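S.K.: Below is a structure I'd like to ask you about.
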Amino acid sequence: MTASLTLDAVSKRFRGARTTAVSNVTLHVAAGSCTAVLGPSGSGKSTLLRMVAGLEAPDSGRVLIGGHDVAGVTAERRGVGMVFQKSMLFPHLSVLDNVAFSARVRGEARRQARARAAEFLEMVQLRGFGARRVDELSGGQEQRVAIARALAAEPAVLLLDEPFSALDPALRADMHTLLDELRLTVGPTILLVTHDRDEASRVADRIAVLDGGELQHESDVAGAYRAPSSVRVAELMGARNLIPGVVTEGVHRSDLGEIAIADAAVCGPAVLVVRQEDVQVRRPAEASPSRHPLAGPGVPGSRADDDGRAPLAIETVAPARAPGPRWTGTVESARASGARMDLTIRVTPTVLLHAEVTAAGAPRLGERVELALPAGAAHVVAA
Ligand code: ADP
């Protein structure tokens, strides 16, 4: 029931449009895996999905499902199921008959189609809801029925176009769990369009970032966050520490100091990308000399303050001597964000670092702190 999906140099420009909606996109989604397509509004996400579904024809390029070019194959025959933000259930049919619909169209007997539909309703945890009318369902239940209806058609590829964005956060979390379970039990290949990167990282194996119709990045989830392909992708993935500088021989030099970059593919002007979640923040008093070998007195480049606290200076750390770079700074802003705290820390007159930490025991405004980066958390992209 599952098959790989490949887009091969697919382009689409709508008649009369000034810009290309989808431009030369090549993307492979392995059978049974889930790729989330992220991008701002108008970046071409829905158009891409609609071309896979057969609802739009590409101007050029190929769509392959299970290795077969589906050009000329109608939407109904592509083996593709689709769920949209609005469920688009048939209001005149019961919940059960909505789910049984595709089997009925395929010519299955009503009884058999309904029996199978009941199994899919059970799969989306709506056992006993079959006789209900569509207008008796809540928003979350409607989306569950829409998913059951799409799965009942036994699609090789399931396309989800912002399916949960109209739901409140608790229901959305329930739907994410449901999707996990369906991936385990049914295992369809999924292409999920979303503008919510948290959702993408929660649900998908891989993330594809579209901007202006072009594929800007494709990798596993961690790579999209920690090794974005460009400044734009870093911004779209919510990275808040973007520090301009220059890379020579695998070392990024900026107002933040020198940082060795393990996988520097860039040489010349480059932006250092550090995730705010990766910046480790500690009060100097919490630090022991053994845990902070470069922060204490007597260490070259280090300066103890009058009160014996760690130095307010940029530390340039040789990777051989410490796992990652360290600095000290002063908290300039502290904003609560749920159970987390967003800190802005002045490290040099020109550099502010953003750090996201747990709110419990977080440093307060004006407090001096030590900052460290785990090895491998610094990434560079061409400026
Ligand atoms: P997204 O899903 O990322 O918001 P879309 O794929 O809907 O983006 O749109 C990409 C671009 O194509 C936008 O500029 C949009 O205005 C344009 N577009 C989408 N559908 C049509 C259409 N049917 N006719 C003309 N332009 C369209």
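The values are calculated or read from the model by the stated rules, or taken from the named source; none is laboratory data. Source: prediction; values computed, not measured. Neighbour counts run over all protein chains shown; Cβ positions are idealised from the backbone, glycine included. Keep in mind that these areas ignore ligands, DNA and RNA; they rest on the heavy atoms of the full protein, side chains included. Shrake-Rupley method; radii C 1.70, N 1.55, O 1.52, S 1.80 Å.
S.K.: Which residue, chosen from VAL357, LEU96, VAL80, occupies the Cα position most advanced towards the positive end of the dipole of the chain, where the dipole is computed from +1 (Lys, Arg) and -1 (Asp, Glu) charges on Cβ about the Cα centre?
M.R.: LEU96
S.K.: Take the solvent-accessible surface of the protein heavy atoms, probe 1.4 Å, and return the percent of it on region 5-231 that carbon and sulfur atoms account for.
M.R.: Carbon with sulfur: 49 percent of the solvent-accessible area.
S.K.: How big is the charge dipole of region 5-231 about its Cα centre, in debye rounded to the nearest 20, if each Lys and Arg gets +1 on its Cβ and each Asp and Glu gets -1 on its Cβ?
M.R.: Rounded to the nearest 20 debye, it is 640 debye.
S.K.: How large is the accessible surface per residue of the chain, computed with a 1.4 Å probe and reported in Å² as a whole number?
M.R.: 47 Å²
S.K.: For the charge dipole of region 232-274, defined by +1 on Lys and Arg C-beta atoms and -1 on Asp and Glu C-beta atoms about the Cα centroid, which residue among GLY250, CYS267, LEU236 has the Cα displaced farthest towards the positive pole?
M.R.: Of the candidates, LEU236 comes out farthest on the positive side.
S.K.: Taking the Kirkwood radius as the inverse of the mean 1/r across Cα pairs, report the Rg/Rh of the chain.
M.R.: Reported Rg/Rh, Kirkwood definition of Rh: 1.09.
S.K.: Sticking with this one: Based on DSSP, what percent of beta bridges with both residues in region 5-231 are antiparallel, to the nearest 5?
M.R.: Counting only bridges with both partners in region 5-231, antiparallel ones make up about 50 percent.
S.K.: Counting Lys and Arg as +1 and Asp and Glu as -1, each charge on the Cβ, what is the dipole of the chain about the Cα centre in debye, to the nearest 20?
M.R.: Working: 43 positive and 44 negative charges, 166 e Å.
Result for the chain is approximately 800 debye, rounded to the nearest 20.
S.K.: So what's the angle, to the nearest 10 degrees on a 0 to 90 scale, between helix 110-123 and the longest Cα principal axis of the chain?
M.R.: Rounded to the nearest ten degrees, it is 10.
S.K.: To continue, here is another question. Mind checking which of ALA71, ALA17, LEU38 is farthest towards the positive end of region 5-231's charge dipole, using Cβ charges of +1 (Lys, Arg) and -1 (Asp, Glu) about the Cα centre?
M.R.: Of ALA71, ALA17, LEU38, it is ALA71.
S.K.: What's the angle, to the nearest 10 degrees (0 to 90), between helix 169-185's Cα axis and the longest principal axis of the chain?
M.R.: Helix 169-185 sits roughly 70 degrees off the main axis of the chain.
S.K.: Under the rule a/c < 1.5 gives rounded, and otherwise a/b versus b/c splits prolate from oblate, where does region 5-231 land using the Cα gyration tensor?
M.R.: prolate
S.K.: What number, rounded to the nearest 500 deg cm²/dmol, is the helix-based mean residue ellipticity at 222 nm of the chain, given -39500 (n - 2.57) per DSSP H run of at least four residues and division by all its residues?
M.R.: -6500 deg cm²/dmol
S.K.: Please work out how much accessible surface ASP180 shows to a 1.4 Å probe, ignoring ligands, DNA and RNA, in Å² rounded to 10.
M.R.: Surface open to solvent at ASP180 totals about 50 Å².
S.K.: If you fit an axis through the alpha-carbon atoms of helix 95-105 and take the longest principal axis of the Cα set of the chain, what angle between them do you get, 0 to 90°, nearest 10?
M.R.: The helix 95-105 is inclined about 70 degrees to the chain.
S.K.: For the chain, calculate the relative contact order in percent as a whole number, restricting contacts to Cα pairs under 8 Å that are 6 or more residues apart.
M.R.: Normalised by residue count, the contact order of the chain is 15 percent.
S.K.: How large is the Rg to Rh ratio of region 1-106 when both quantities use alpha carbon positions and Rh follows Kirkwood?
M.R.: Result for region 1-106 is an Rg/Rh of 1.00.
S.K.: Sticking with this structure for a sec: Please express the shape of region 194-233 as an equivalent ellipsoid: the semi-axes are the square roots of 5 times the eigenvalues of the C-alpha gyration tensor, given largest first in whole angstrom. Working shown, then result.
M.R.: Values: eigenvalues 47, 28, 14 Å².
After diagonalising the Cα gyration tensor, the semi-axes are 15, 12, 8 Å.
S.K.: What size of dipole, in debye to the nearest 20, comes out for region 82-161 about its Cα centre when the only charges are +1 on Lys and Arg C-beta atoms and -1 on Asp and Glu C-beta atoms?
M.R.: It comes to approximately 260 debye.
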